1. Looking only at the stretch 166-180, which residues are at pLDDT 80 or above and over 16 Å from residue 147 (Cα atoms)?
2. Inside the stretch 75-91, can you point out the residues that are within 16 Å of the chain's Cα centre (by Cα) and either among the β-branched types (Val, Ile, Thr) or at pLDDT below 85 (or both)?
3. Can you name every residue in the stretch 107-120 that is farther than 12 Å from residue 84 by Cα and under 18 Å from the mean Cα position of the chain (by Cα)?
4. Among (1) open to solvent by 10 Å² or more (accessible area, probe 1.4 Å); (2) among the polar types (S, T, N, Q); (3) modelled with pLDDT of 85 or more, which single condition is residue 31 missing?
5. It is to be established whether one or more residues within the stretch 5-12 are out of contact with any Asp or Glu (no Cβ under 7 Å at 6 or more places or on another chain), part of a strand (DSSP E or B) and either among the basic types (Lys, Arg) or surrounded by 19 or more Cβ atoms within 10 Å (Cβ to Cβ) (or both).
6. Does the stretch 68-84 contain at least one residue that is farther than 18 Å from residue 130 by Cβ and of a type in the set (A, V, I, L, M, F, W, C)?
7. Specify the residue that is modelled with the lowest pLDDT; the eligible residues are those in the stretch 181-226 that are among the hydroxyl-bearing types (Ser, Thr, Tyr) and open to solvent by 60 Å² or more (accessible area, probe 1.4 Å).
8. Any idea which residue in the stretch 66-87 is farthest from residue 118 (Cα to Cα), counting only those that are open to solvent by 30 Å² or more (accessible area, probe 1.4 Å) and touching a Ser or Thr at 6+ places or on another chain (Cβ under 8 Å)?
Amino acid sequence: EIESTMNSDARQMVLASSHIKKNGNEPVAESDIVLVLTLTKKGEQAANNVVLRGVGADGMRYRASTIKVIEGRAPTPGSAEGMIGKAVRGRFEDLEIGREIDFGGGKTLKLVGVFEDGGAASESEVFGELLAVQSLFGRTGFYSSIRADLNSESEFDAFKGEVEAFKASRLTVVRLNEFERGKASELSDLVNMLGGVIGFIMSIGASLGALVAMYGSVAARRREIGTLRAMGFPG
């Protein structure tokens with residue numbers, strides 16, 4: 001999502017699809033913009049990345065069944081406000097209710113609440129009001145992703161073909177579970193690779209340690225071993 005960009009025309013084309021479920025006249029969908037903040041962890045000097053997700057009114061409606069504000073309140077639409085996931089709260093210097101994330105040039109995002117999302121990865125993100133986040137980063141009119149409910153599962157292929165046929169947008173349509181699985185597999189591959197490298201290095205270290213211990217033991221017992229050999233004991 002961080003690398004993805006679509007403009008307002010592409011967004012409107014997607015949301016106008018007849019395959020998307022409607023609630024009255026409104027499509028059951030959300031449009032987010034996803035960016036990265038560089039913040040300092042508590043007790044550390046090094047900077048770390050935190051995901052900032054711009055979520056509009058449609059996003060809050062879409063997530064209403066899972067998102068729960070557990071302290072403070074949700075951002076006011078149209079204001080430069082945000083809220084933090086409970087998993088990331090307190091881990092960084094600026095991520096506390098009442099604090100402001102300073103973007104320089106007088107631009108800030110005030111944190112007004114803490115939310116939980118059923119243990120989802122979004123609990124490690126900062127949610128900001130969509131228009132404010134777009135404005136803070138000079139990305140007005142641009143989005144990273146759209147999530148939508150279809151009328152039925154059987155309409156997925158038709159919806160995918162309709163959206164991806166709009167070549168100017170170069171959009172890709174995937175099921176949410178496949179998208180999440182893909183993100184998890186990337187992390188899994190990285191962990192497996194690092195684990196293999198570290199395991200290989202540790203195995204070499206363990207072998208060298210065993211050899212040193214064995215030769216050290218033999219050297220320390222040289223007289224004893226020589227006496228036993230002289231008495232007829234085998235090597």
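1. 166, 170
2. Matches in the stretch 75-91: 84, 88.
3. In the first step, residues of the stretch 107-120 are kept if they are farther than 12 Å from residue 84 by Cα; the result is 107-108, 118-120.
Of everything in the stretch 107-120, those that are farther than 12 Å from residue 84 by Cα and under 18 Å from the mean Cα position of the chain (by Cα) turn out to be 118, 119, 120.
4. With respect to (1) open to solvent by 10 Å² or more (accessible area, probe 1.4 Å); (2) among the polar types (S, T, N, Q); (3) modelled with pLDDT of 85 or more, residue 31 is out only on (1).
5. yes
6. Yes, the conditions are met somewhere in the stretch 68-84.
7. Filtering first and then ranking leaves 215.
8. So the residue we want is 80.
The values are calculated or read from the model by the stated rules, or taken from the named source; none is laboratory data. What you are looking at is a predicted structure, and each value in this text was computed from that prediction instead of being measured. All Cβ positions, even for glycine, are placed from backbone atoms using ideal geometry, and neighbour counts span all protein chains on display. Note: areas computed on protein heavy atoms with side chains; ligands, DNA, RNA excluded. Shrake-Rupley method; radii C 1.70, N 1.55, O 1.52, S 1.80 Å.
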